[in-house]
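Presented below is the structure to which this report refers.
The values are calculated or read from the model by the stated rules, or taken from the named source; none is laboratory data. Model, not experiment: these values are computed from the prediction. FYI the Cβ positions are ideal-geometry reconstructions off the backbone, even for glycines, and counts take in every protein chain you see. Surface areas here come from the heavy atoms of the whole protein model, side chains and all, with no ligands, DNA or RNA. Shrake-Rupley method; radii C 1.70, N 1.55, O 1.52, S 1.80 Å.
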Amino acid sequence: MQPAVVWDPALLGYDLGGDHPFNPVRLQLTISLATELGILDGVPLLVPAPAGDDELLRIHAPDYLEAVRQAPMAGWDVGHGLGTADNPVFSDMHDSSALVVGSTLLAARKIAEGQVRRAVNIAGGLHHAMRDHAAGFCVYNDCAVAISWLLDHGFDRIAYVDTDVHHGDGVQAAFYDDPRVLTVSLHQHPFTLWPGTGYSGEAGAGAGEGTAVNIPLPPHTRDPGWLRAFHAIVPSLLAEFRPQLLVTQCGVDSHEEDPLADLSLSVDGHRTIYSTLRELADRYADGKWLAVGGGGYQLIRVVPRSWTHLLAMALDRDVKPETPIPPGWTDLVRKAAPNAELPTKMTDGAETAYRPWGDGEDDPVDIAIRDTRRAVFPLHGLDPDDPRD
């Protein structure tokens, strides 16, 4: 079963306008780079339709949907988080936002129907949108809507892993008391970055206690530290939770060149993350993996390369790091941005090897590791202080 890739140029319509950092050109440049490298050769790109109100209402309030519809005609006092610097109103906002949700739903449907085991939608990942308001460049929460739909279509244990630099707060909020959904977020520490949530102690509520997992990392964490934290926590929880499906939000604003945050990962680190997620999906979720995009605001040097690696990993067409950037893509970018500094290879030349937690050393990320393990592991019958767990 060939993995599914959802894409249509109409997804570029989710455009917050002007100099807003959430520029859809990053999607176009990713698809162009993947095409130039031959990754998409012979892969039929699935064209989505907008999600209907019945699906959006799984997560969002009726009055919020109406506010989004009316916002382009309503003037400045829109409310619901709309019309702000982060979430400016734009024409066709409802339809464009519903199309993003529809694209992730299409990917989810292909997996649920048994047509594929893996599906990718780089236009998705709008993980900050809340039930009744927009937040963090996100109008509707495609991740949460898709997970809700999957819970009604054959799945009762879903693991959501969020690797964006910002806390996956909207998805966590949607399933904070739901024991069927394990939400895991690795992000820059909330003391130092918006939205100011995602502390280790946020671990779920009620029947869902223990199913919210947060790993807040110190600014300037590099690839080895990030991977040390990931491997100290995530595989053990997946092994215990036994998900039937792995959903991953693959924001790349964790890169050291990203202008909006302060982690220090590389394209090589992102490639390693995707390879690890693929392997964990194979090991713990019968190979079922739904991957979406997310943040990422270094539009030329970072996002296209990192998400091209994501597409390649999902399609089992892995791109070697030393692969040169195709001249056709370079020419395309130079025509639009003649003064931009362009990458020459699919690598940053970064070191990604990490030391496993429990080696007796005291890495700067170990505070987060210990705090998160102690907050969550006992709720899953695991020993937080035993590196074998």
Original post:
Quick one: length gained pulling residue 341 to residue 282 fully straight, 0.36 nm per residue minus the C-alpha distance?
Top reply: 17.5 nm
Subject >> Rounded percent of accessible protein surface that carbon and sulfur make up, the chain, 1.4 Å probe >> reply: 49 percent
Subject >> Matching label, Cα Rg over 2.2 N^0.38 Å computed from the structure shown, candidates (1) 1.05; (2) 1.13; (3) 0.92 >> reply: (3)
Original post:
Hey, if you put +1 on the Cβ of every Lys and Arg and -1 on every Asp and Glu Cβ in the chain, which of 336, 89, 56 ends up farthest toward the positive end of that dipole?
Top reply: 336
Original post:
Between residue 132 and residue 53, what is the label-to-label distance in nm when each label sits 7 Å out along the Cα-to-Cβ direction?
Top reply: 1.8 nm
**OP:** Binning at 5 Å from 0, report for segment 219-343 what percent of all alpha-carbon pair distances ends up in each bin.
**Re:** 2, 10, 18, 20, 20, 14, 8, 4, 2, 1, 0
Subject >> Potential extension, residue 207-residue 73 segment - 0.36 nm per residue separation minus Cα distance >> reply: 44.0 nm
Original post:
If r is the Cβ-Cβ distance from residue 152 to residue 317 and R0 is 41 Å, what FRET efficiency results, to the nearest 0.05?
Top reply: 0.80
Subject >> Most mobile of 55, 36, 341 in a GNM of the chain (Cα contacts under 10 Å) >> reply: 341
Subject >> Long-range lysine pairs (8 or more apart or interchain), the chain, Cα under 30 Å >> reply: 6
Original post:
Can you list, bin by bin at 10 Å, the percent of alpha carbon pairs in segment 246-307, starting at 0?
Top reply: 24, 48, 23, 5
Original post:
About its Cα centre, what dipole magnitude does the chain give when the only charges are +1 on Lys and Arg Cβ and -1 on Asp and Glu Cβ, stated in debye to the nearest 20?
Top reply: 900 debye
Subject >> Computed label-point distance, nm, for sites residue 332 and residue 63 using a 7 Å Cα→Cβ extension >> reply: 4.5 nm
Original post:
Could you give the semi-axes, largest first, of the ellipsoid that matches segment 80-215, computed as the square roots of 5 times the alpha carbon gyration tensor eigenvalues and rounded to whole Å?
Top reply: 22, 22, 12
Original post:
Given H placed 1.01 Å from N in the peptide plane, which residues other than close sequence neighbours of residue 296 have an amide H under 5 Å from its amide H?
Top reply: 252, 253
**OP:** Leaving out ligands and nucleic acids, note down the accessible area per residue over the chain with a 1.4 angstrom probe, in whole Å².
**Re:** 37 Å²
Subject >> Hull volume in cubic angstrom per residue (convex hull over the Cα atoms of segment 319-389) >> reply: 185 Å³
**OP:** Please give the direction-averaged projected area of the C-alpha convex hull for segment 223-275, in square nanometres with one decimal.
**Re:** 4.0 nm²
**OP:** From largest accessible area down, sort 14, 199, 284; use a 1.4 Å probe on the protein chains.
**Re:** 199, 284, 14
**OP:** Please build a GNM for the chain, connecting alpha carbons under 10 Å apart, and tell me which residue among 184, 319, 165 fluctuates the most.
**Re:** 319
Subject >> Highest-fluctuation residue, 334, 131, 278 considered, GNM on the chain with Cα pairs under 10 Å >> reply: 334
**OP:** Any chance you could run the full-extension gain for residue 242 through residue 359? It's 0.36 nm times the residue separation minus the Cα-Cα distance, nm to one decimal.
**Re:** 39.4 nm
